[in-house]
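Undergrad: Provided herewith is a single structure, encoded as structure tokens, for subsequent inquiry.
The values are calculated or read from the model by the stated rules, or taken from the named source; none is laboratory data. Here the structure is a predicted model, which is why all the values come from computation and not from measurement. Here the Cβ positions follow ideal geometry from the backbone for every residue, glycine too, while neighbour counts run over all protein chains shown. SASA here: full protein model, heavy atoms, side chains in, ligands and nucleic acids out. Shrake-Rupley method; radii C 1.70, N 1.55, O 1.52, S 1.80 Å.
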Amino acid sequence: ATFAPKLRKEDGRVDWSKSAEAVDRHVRAMTPWPSAFTFLGKERIIIVRGGPAGPGDPAGPRGTVLSVDRDGLAISCGGGSAYRIARIKIEGRREAEAAAFARSGKISPGNLLA
């Protein structure tokens, strides 16, 4: 048997420099607790569901919002890949579709998630 260290809340932070497949595995591993999260400015965004979206923008910084559409948010990841966020939860609010959050005008292509 192998012992693993106890998970802390900080372990859920998404590292956008990893490939979209690695980000997807991280999100699934951290759901429901401690939850995978990222920041848009000072606002904490919890990623509930998503998946690899195909090729990204290898020239842009990792964590950049590439597109916003009815399927969610496409985020640039390492290795020239992209991750599509389908469902999110803003701290203190209910879980919602990422596209609905984007319609609120708080996020648009070019924004950087940290």
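Undergrad: Test V14 against the criterion of being open to solvent by less than 20 Å² (accessible area, probe 1.4 Å), among the aliphatic types (A, V, I, L, M), closer than 24 Å to R103 by Cβ and modelled with pLDDT of 95 or more, and give yes or no.
TA: On the way: open to solvent by less than 20 Å² (accessible area, probe 1.4 Å): yes; among the aliphatic types (A, V, I, L, M): yes; closer than 24 Å to R103 by Cβ: yes; modelled with pLDDT of 95 or more: yes.
Criteria met by V14.
Undergrad: Just to be sure before I move on: is G110 on the phi > 0 side of the Ramachandran plot and part of a strand (DSSP E or B) in the structure I sent? Outline the logic, then answer.
TA: Numbers: on the phi > 0 side of the Ramachandran plot: yes; part of a strand (DSSP E or B): no.
Against the criterion (on the phi > 0 side of the Ramachandran plot and part of a strand (DSSP E or B)), G110 does not qualify.
Undergrad: Tally up the residues in segment 28-57 that are surrounded by fewer than 20 Cβ atoms within 10 Å (Cβ to Cβ), of a type in the set (G, A, S) and not in a loop (DSSP other than H, G, I, E, B), please.
TA: Of the residues in that region, 3 qualify.
Undergrad: Need pairs with beta-carbon distance below 6 Å; first residue among the polar types (S, T, N, Q) and within segment 74-93, second open to solvent by 10 Å² or more (accessible area, probe 1.4 Å) and part of a strand (DSSP E or B); sequence gap 6+ or separate chains.
TA: Correct list of pairs: S76/T64; S76/L66.
Undergrad: Being at pLDDT 90 or above and over 19 Å from K42 (Cβ atoms) is the filter here, so list the residues in segment 60-78 that pass it.
TA: If we filter segment 60-78 for residues that are at pLDDT 90 or above, which is where we start, we get 61-78.
Within segment 60-78, R62, L66, S67, V68, D69, R70, D71, G72, A74, S76, C77, G78 meet the criteria.
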